[in-house]
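What follows is calculated from the coordinates using simple rules that are stated; it is not laboratory data. Just so it is clear, the structure is predicted and the values come from calculations on it, not from any experiment. Cβ coordinates were reconstructed from backbone atoms using ideal geometry, including for glycine residues, and neighbour counts include every protein chain displayed.
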Amino acid sequence: MSSRTVRTSGAEETEALAAELARDLRPGDVVLLRGEMGAGKTTFVRGAARALGATGPVTSPTFTIGRRYDDATPPVAHLDLHRLVSLQDEDPALLDDYVTPATVAFVEWPELAADALDGVRYAVTLEHVTPTERDVTIRSVAP
């Protein structure tokens with residue numbers, strides 16, 4: 001397992017770091033995203049999705065739980081599980097449209113789905129340093 005931390009000085013640098021990671025992602029990979037509200041999780045996903053070819057707006061799925069960007073190659077899925085209390089109370093197939101062998105999936109607030117997620121390749125943590133700076137730690141979880 002390897003890990004590195006990079007300090008970014010704005011959204012553009014966070015997106016560029018995510019684009020760099022995206023070059024290593026393959027269909028079926030899952031990336032876990034942790035960080036408090038406003039830390040830049042969706043900004044990170046935007047950078048990766050753009051690098052994989054997504055052309056439309058990449059926005060937070062907080063109120064819809066998930067979004068897919070099928071114009072990316074491979075398709076990108078973006079889940080935000082912040083509003084959920086438990087997967088027990090949800091449709092058992094909730095993750096099935098997003099976390100698939102054909103997609104690269106990014107999961108914000110992944111703690112409650114940890115047992116249900118296969119293919120986790122990276123864990124990314126974003127931490128506020130200043131209003132514009134973030135420490136972004138990327139940890140390899142699987143080869």
TODO: Kindly express, to the nearest 10 degrees and within the range 0 to 90, the angle between helix 41-51's C-alpha long axis and the longest C-alpha principal axis of the chain.
DONE: 90 degrees
Open item on the list: Could you derive backbone 3J(HN,Hα) for segment 95-106 from the dihedral phi with the Karplus parameters 6.51, -1.76 and 1.60 (θ = phi - 60°), listing whole Hz in sequence and x where the residue is Gly or Pro?
Closed with: 7, 4, 7, 10, 9, 9, x, 9, 10, 9, 10, 10
Open item on the list: Considering just Cα atoms, how many Å³ per residue does the convex hull of the chain enclose?
Closed with: 99 Å³
Task: Loop-located chymotrypsin sites (Phe, Trp or Tyr not before Pro) in segment 40-137 whose Cβ has at most 11 other Cβ within 10 Å (DSSP) - done: Phe63
Task: Karplus 3J(HN,Hα) series, Hz, for segment 121-126 with 6.51 cos²θ - 1.76 cosθ + 1.60 (x for Gly, Pro) - done: 10, 9, 10, 10, 10, 10
Open item on the list: Nearest 10 degrees is fine. How inclined is helix 11-22 to the longest principal axis of the chain, computing both from alpha carbons?
Closed with: 60 degrees
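With an 8 Å cut-off on Cα pairs and a minimum separation of 6 or more residues, tell me the relative contact order of segment 3-140 in percent.
Working: 282 pairs, mean separation 50.3, N = 138.
Computed value for segment 3-140: 36 percent relative contact order.
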